[in-house]
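Okay, structure first, notes after.
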Amino acid sequence: MSLVDLTKNIHNHHKALLISAIMVFVSSCEDITQAKSNKLGARSVTTYGDGNGLVYMSNPAVLNNNLNITSAVWNGVLTPADITDNFYLEEKCQYTDPILDLSVISQKNCLQVKNDKTQETLIQKVNNSWAFTEDSDEFYQVNTFYHVNKIQKRFLSSLSNAQNLIHSPFLFNTLPPAIPSNIGATGVFWWDDISSDSTFLTVYSKCYLEDMNAFFDPSTQSVCLGWNEDYDGFRMAQDPSVIYHEMGHTFVKVMMNLRNKYVDPSNPFETKETDFKSELGGTGYDEAGSLNEGIADFFSYYITNRKHIGEWAMAKFGADRPMVETNPLHAGRIPAKLSYPEYLHYNSVSPQDGAEDIHNAGQIISHYLVSLTQNFKDSCFTNLNYDTDMIHEKSTDLTVMLLSETLAEIGDMSAKGSDFFNTFALSDLFFTNLNADESYLWAHQVTPPNFRRFFRIFGKNINQYISDNSAGFCPAFSQDNSETLLDDYGLLLFKSYKDAGQGISLSGTATTKNYIDYNGVFLANSGKSLFPKNSNTEVNETNRKNTVLVSKDYISLPSDERATAFVFDGQAFMKEYIASLTFEGKSINLSQGLADPEYNNGNVKISPGEVVGISLNLVNNANSTMAGVQILANDWDHMKMNDTAKPYINTTGNLVAQSANIAHWEPCQIDGWPLETEGGVFEDRPLGLPVPVDGDCDYISRSNKPIIYPNYLANPFVPEYNPVYDNDSPQPICMVQYSDENESKWVSQDFFRSQALDLSDNDCLNNSPTGSGVGIDYNPNECLIRMLPGANQAILGKIDPQKTWSETLAASTTGGEVRFSSSTIVVMEVNKWIQPGTTFNCRFRTRFTNCQDCYNNNNSGDDFNDYEYAGHEPFKVINFSFTVID
Amino acid sequence: MDNKNNKSPIIISVFAIAILSVFILVDYKSETGTLTKSNLKPKSNSHLKSKEVKRPSRSIASLKETKRDIPLKKINKNDSNIIIDRKVVGSSSKKYTLVNKINKDWKKLATKKLAFTWGHKIGRIIEIDSIKPAIYVKHGIGKNVEHVRISLTDENGKHSGYEAYIDSESGSIIQTWNRTRYEINKRVSTNAKGKGFVGNTLNYKETK
C-alpha cells in the first residue's frame, strides 16, 4: 500500500468514524425514547451488565410449567446472563491438560453462532450488551450461543477431569487407558485442528428446513436448528434440550476420535492423523447409531438435570423422549426397566407405532445412563457436603469419564487401543479394531459397537475406575451393583470383561498378545507404569437374571412356507434406493455396462443384468428374542487357494506374464458343506496336529490383506502390475454351481467365467473404472455376482421367538406393515452375461448382539481375537441359494 | 428518566468512538498484512440462501469450484513431485506401492458418478469441496486420493454431507465418513414393499 493510499484510507476511516459516531449517538437516543428501528435490530431497551443478555434457561413448556403450551411465551421467564465478553458471538475453547499441566486455548475461535448460512458476519454486541428484543433473530442467536457455550465449557471441563482421573499418578492402573495422556498437545478435545479455520463449530439458530428437523453435520462441522414459515413463531432453537442433544452428537464425535491424532514419533513437534475419523453409527438403523442417540439424550440431562428431552420442540412432532421409567410419557407401561431387547421398538409417545429406529432404541441407553448417574449420586456423593447441583456435576462427570474412555477405545483408528505401548513405537502391534489398515472396516462393520461390545468395554471401565477397591473412585458402587444395573436393562450381554487384552503382533509370525506381555512398560508421556492383569474378570453369573443369551444355532432361513427373502428388483425402486444410499453417504460404485437398474424387470426374480436388493427373512427358532441381528455380505476368508505357489490373479496381464501361476480358489467346507464330492475342501486334521498354516481353510487371515502387487517396483508400467492374492485373501461370498459331463460341483466365479462363459476381464463386474484393463480392486471371484460395497451389510433390530424378522416387525405396528429401511437391504449386481438357469450360493454371515456363542466358542467368556472375525467361527453362515432366471 | 439514562447517550458515543478507533487500527493492520479480526472470519463461500434451496437453480451436474481447491497439475508417474506434493495420510512409516495416476478431471468424473447413482432430477445440487490431496495407503498399496467434502442438496432443499476419499484417477469414492445425522428420523425407504419368495428362485413361489 502506498503512502497516498494509506492516507486516503485513514481519511476515509475518519469520515466513517464521524458518521458512525453520529449514528450511534442518534440511535442511542432512540433507544431511550423511541421504538427500535429494524436495522439496529432488535436491540433491547435494557442492558443487563457488560456482555450480558436475556436468556431462556429452559424451553417454554418447562419455563411456563405447561407441557401443552402451543406458542413460545417468554414474558416473565427470561433471566439476565453472561453471554460473552467477546465483541462477536464467538468463543475460543479452553482446555486444561492436567497431565501436561497445560492450559490450552484454541488459537482461533472454536465455535460461533449464526442465523443461517446466508449470514456472512457474526452479530456483535451493542453498548456492550447482548440484549435484543424477544423473538428477534438476534435474540435467538444470543440464546443459542449461551447454551452452546455453556455445554461446551462444561464438556471440556468433564473431559479434563476424565483425563486427570484416568491418568492419575495415584491410580494403580491394571488397564491401559484409552484416553491419551497428551490431549492438550494434540488438541483432540475439539475438532480436527485447533490452529486452523476448520476449528469452527458453527451453529445455525434459524436454519431453514422445509421438513422441520435439526441435525449435526460433522463434515461441515455445523449444527442446524430448524425453522420454516409453516410453523408460525416456532424454532428448534427455542428448546435448549435440543441444543444440548445436538451438541451431544458433537461430543460423541470428539470422544470417538480422541485417539485419532497423535504426536509423530519421528518428529515430536508434529501431530499426525489417522486415515479416517470414526463415527458412532451408520445410516438407517443400527445399535451404534442408537448408542449415539442415547448418549446425546444423556447430554441434555447432563446440563438440565431433567429426565425428559424436547418437551417443547420435539413434542411438537411427537418425538420428545423420557429418560426415566416413571416419566408420565410412559404412562405406567414400563413395570421395571426399559430393557433390551423388549423395548427396542418402543416409542413412548405412540407405542402402537413401534419401529426400528435409533431414537427409539437409544432410549434404552439414555435410561441406563441416567439410572447409572443416579446410582453415583446415591452411592458416591451423598455423604459429602455437596449441594444438589454439585452432586449432579460430580456424578455426571463420572459418567462422561466412562463414556470418554469407552468411546476412545472403540473409535481408535490407530488400532493401538492405548498409549501404553509407547504409542507407535511397536508399529505392528494392535489391540483393537484389527490393525491400522482395516480399523475403519472393523470398527464400523465387522465388529461394530453393538450394545454388547459397548457395554463390555463400558463395564470394564466401571470396574476399574469406579468400583475397584484400591483404585476406583467410588467402590461403594460395586461390580455387583454395576452388573445388576446392566442386567436390569438387559445389557449384561457378556461373560467376562476384556481385562487381559487380546492383541496381535504382525511382526514376523503373527502372534497373539496380552497386556501382560508388556508388564512394567511405561505409559508414554505420563511416565507411570502399568501392571496388567493376566486374565479377564468374569461376570458374576448370579447377577444375570434378565439378560438372555441365545445360541446362534437357532437363527436360520425359514424352512417352511414362510418367505426366505424379500427381493427388490423393481426398476424405479432400486434407482430410488441407490439414490438414497448415495444421498446418505454410502460409497456406491456400480460396475459399468454389466449391471444396471435399467435392466430390472420387477418380476421378483433375480435376472441377468439386474441390480437387486435382498432382505433375508431370518427366523428365530429359539424361545427368546434375538436382537441386533447383523448380516454381513463383505468378503471373508472362506476359500482356499489350491496351490499357494501359484497366487497370480486371473487377469489378462497375468495370463501373459504368469500364465502357469494363475490362482485357483475352492470353497472351504463349513458346517459340512459343500461335501468334497461337491467341490468343498475339507482339512482332515486331527485336533491341533499339525498346526494349521497360512493358506489353510482352518487358518484365518491375521491381516485381512486381499491383494499384493509384488512386481510393481520391478515393472511399474505393466498395467495390471502383476497382482497376486494373499494366501488367506478374503473372498467374495458367492460361489457358483458348475456341471460338466461327470459331476456337479461348487466353484469360484473366476473358474466358472473362464470354463463355462469365457468372459474377459472387462466383462466382469467391478471392471475397470477407467474403462481399460482392470481396476486395482479387481477380483474375478466377483465376476458374476457382486455384493455392492456400501450396501453389503444389513441390520435387523430384533426377531421375536419363533418368528421371522418380517413377522416381528409387522407385530410392532397397528397396521402390520413391514417397512424396509436402508439398513435392512443388501444390494447385489447380477452380470448380464450370466446364462439363465445358473445357480449360485452366497455365504452370508450373521450374528446378533445377545448371542451366546458368537463372541467365543467355548462358553468361556474369552472373546475371539479381532482377526477371527474374518472367518466363520463368530457367525452363523447362512447359505442363500438362488438361480438366475430371465 | 433517571440520571443514568440521561448520561447514557454520551457514554455510548464515547464507547462507540473507542470501538470504531479499534476498527480503524484493525483494518490498517489488515492492509499491512497483519492477521486481523476480519481475516479470521470465514471466507465468504457462496452459501445458498436458505430460501433459495427450494428453487431448482442448478443442474445436477453443476460443480462448485471453491477457493480452497488445490490446482492439480498433470503429473508423470515418475515425477517425484507425487510424493512431495501429497502426504501419506496416517502413519508416515507406511511403505507402499503407488498404483494409480492423477487425473486432472477427477472432480468432473466424481461428480458424474455421483450424479449417476443419485439420479438426475432438476434442482439437485452436488458440491465437492477439496480439502487436500493425499496418498492413502492400505496393505502397502498406495492410492492418490482427493480428500473432499461432498454436499448434496435435493430438490426439496434437504441437505446431506460427508467427507470422502476419491480416487484421483477414476473419480470413484473409496470411503466416506462424517455423515450428517438428523434428529427426527425420516426413513429413506418408508413403506417400500418387498415381495418374498420361498426357497430357491428356481422353484419360485411368491409370498406376502
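The values are calculated or read from the model by the stated rules, or taken from the named source; none is laboratory data. On a predicted model such as this, the values are computed, not experimentally measured, just so you know. Cβ: placed from backbone, ideal geometry, glycine included. Neighbour counts: every protein chain shown. Calculation scope for accessible area: heavy atoms of the full protein, side chains included, ligands and nucleic acids excluded. Shrake-Rupley method; radii C 1.70, N 1.55, O 1.52, S 1.80 Å.
For region A:272-411, with only Lys/Arg (+1) and Asp/Glu (-1) charged at the beta-carbon, what is the dipole magnitude about the Cα centre, in debye rounded to 20? Numbers along the way, then the final one.
Numbers: 10 positive and 21 negative charges, 83 e Å.
The calculated dipole for region A:272-411 is roughly 400 debye.
Inside 10 Å of the C-beta atoms of A:127-133, what's the mean count of C-beta atoms belonging to other chains?
Details: counts 5, 4, 0, 0, 0, 0, 0.
Across A:127-133, the average partner-chain Cβ count within 10 Å equals 1.
Using a 1.4 angstrom probe and counting only protein chains, how large is the accessible area of A:R702 in Å², to 10?
That residue has around 50 Å² of solvent-accessible surface.
Taking the Cα centre of chain A as origin, work out the dipole magnitude from +1 charges on Lys and Arg Cβ and -1 charges on Asp and Glu Cβ, in debye rounded to 20.
Numbers: 61 positive and 108 negative charges, 400 e Å.
For this selection, approximately 1920 debye.
In a solvent-free Debye calculation with one equal scatterer on each Cα, what is log10 I(q)/I(0) for chain A at q = 0.05, 0.08, 0.09 Å⁻¹, listed in the order of the q values?
Each listed q maps to, in turn, -0.32, -0.80, -0.99.
From the protein chains alone at 1.4 Å, what is the descending order of accessible area for A:M413, A:M390, largest first? All intermediate terms of the calculation are to be shown ahead of the outcome.
Working: A:M413 5, A:M390 70 Å².
From most exposed to least exposed: A:M390, A:M413.
At 0.36 nm per residue, and after removing the present C-alpha to C-alpha distance, how many nm does the segment from A:N742 to A:L675 gain when stretched out fully?
Values: separation 67, 0.36 × 67 = 24.12 nm, distance 1.60 nm.
Net length gain for the segment: 22.5 nm.
Considering only protein heavy atoms, with the full assembly of protein chains and a 1.4 angstrom probe, order A:D684, A:D97, B:D154 by accessible area, largest first.
Sorted descending by solvent-accessible area, the residues read A:D684, B:D154, A:D97.
At a 1.4 Å probe radius, which order do A:H367, A:H872 fall into by accessible area, largest first? Could the numbers behind the result be given before it?
Values: A:H367 0, A:H872 50 Å².
Descending accessible area places them as A:H872, A:H367.
Under 5 Å between amide H atoms, partner at least 5 residues away or on a different chain: which partners does A:N115 have, H built in plane at 1.01 Å?
The list, which skips near neighbours in sequence, is A:S205.
Residue farthest toward the positive end of the dipole of chain A, with Cβ of Lys/Arg at +1 and Asp/Glu at -1: which of A:Y244, A:N841, A:N543?
Selected residue: A:Y244.
Round to the nearest 0.05 the FRET efficiency obtained for A:N305 and A:Q802 when R0 = 60 Å and r is the Cβ-Cβ distance.
So, using R0 = 60 Å, E works out to roughly 0.85.
Chains B and A: how much accessible area gets covered up at their contact, both sides added, probe 1.4 Å, in Å² to the nearest hundred? If you can, show how the numbers build up before the last one.
Numbers: alone 15870 and 35620 Å², together 41410 Å².
In total, chains B and A hide about 10100 Å² from solvent.
Which value in nm describes the separation of the simple spin-label points at A:T133 and A:S624, placed 7 Å from the Cα toward the beta carbon?
6.3 nm
Got a number for carbon plus sulfur as a percent of chain A's accessible area, 1.4 Å probe? Each step should come with its number before you reach the end.
On the way: 14920 of 30650 Å².
The C+S portion of the solvent-accessible surface of chain A is 49 percent.
Name the residues of region A:583-626 whose accessible area falls by at least 40 Å² when all protein chains are present instead of the chain alone, probe 1.4 Å?
Listed by number, the residues meeting the 40 Å² cut-off are A:F583, A:E584, A:G585, A:S587, A:N589, A:V604.
Could you sort the residues of region A:278-317 by number and keep only those whose accessible area is reduced by 10 Å² or more in the all-protein-chain setting relative to the chain alone, 1.4 Å probe?
Hits at the 10 Å² cut-off: A:E279, A:G282, A:T283, A:N292, A:E293, A:M314, A:F317.
Work out which residues of region A:538-573 lose at minimum 40 square angstrom of accessible surface when the other protein chains are put back, relative to the chain isolated, with a 1.4 angstrom probe, and list them by number.
Residues of region A:538-573 that lose at least 40 Å² of accessible area once the other chains are added: A:E561, A:T564, A:F566.
Please compute the per residue accessible area over region A:723-860 with all protein chains in place, 1.4 Å probe, rounded to a whole number of Å². Write out the running numbers ahead of the final one.
Values: 4160 Å² over 138 residues.
Accessible area per residue, region A:723-860: 30 Å².
Note down the nm distance, to one decimal, between modelled labels 7 Å out along Cα→Cβ at A:V693 and at A:T542.
5.2 nm
Leaving out ligands, DNA and RNA but keeping every protein chain, what accessible area does A:D763 have, in Å² rounded to the nearest 10, with a 1.4 Å probe?
For A:D763, solvent-accessible area is about 50 Å².
When the chain is fully extended, how far beyond the present Cα-Cα distance does A:Y231 get from A:K153, taking 0.36 nm per residue of separation?
Values: separation 78, 0.36 × 78 = 28.08 nm, distance 3.21 nm.
Between A:Y231 and A:K153, full extension yields 24.9 nm more.
Quick one: putting +1 on the C-beta of Lys and Arg, -1 on the C-beta of Asp and Glu, what dipole do you get for region A:588-673 around its Cα centre, in Debye to the nearest 20? All intermediate terms of the calculation are to be shown ahead of the outcome.
Values: 3 positive and 8 negative charges, 16 e Å.
Once rounded to the nearest 20, the dipole reads 80 debye.
Counting heavy atoms of the protein chains only and a 1.4 Å probe, report the per residue accessible area for region A:486-561 as a whole number of Å². Could the numbers behind the result be given before it?
Details: 3360 Å² over 76 residues.
With all protein chains present, region A:486-561 gives 44 Å² per residue.
Per the Kirkwood treatment, what hydrodynamic radius in Å, one decimal, follows for region A:277-376 from the mean inverse distance over all distinct Cα pairs?
Values: mean 1/r = 0.0740 Å⁻¹.
By the Kirkwood definition, the hydrodynamic radius is 13.5 Å.
Which stretch or stretches of region A:236-257 have amide N atoms under 11 Å from the point lying 7 Å from A:W74's Cα along the Cα→Cβ direction?
The answer is A:238.
Per residue of chain A, what 222 nm ellipticity follows from adding -39500 (n - 2.57) for every DSSP H run with n ≥ 4, rounded to the nearest 500? Mind dumping the intermediate values first?
Numbers: 14 runs with 204 residues, N = 886.
Helix-only estimate at 222 nm: -7500 deg cm²/dmol.
Calculate, for A:S760 and A:H664, the FRET efficiency according to 1/(1 + (r/R0)^6) with r their C-beta to C-beta distance and R0 22 Å; round to the nearest 0.05.
The calculated FRET efficiency here is 0.75.
Each label point is 7 Å from the Cα along the Cα-to-Cβ direction; what then is the distance between the points at A:D480 and A:E210, in nm?
If labels sit at A:D480 and A:E210, their model points lie 6.1 nm apart.
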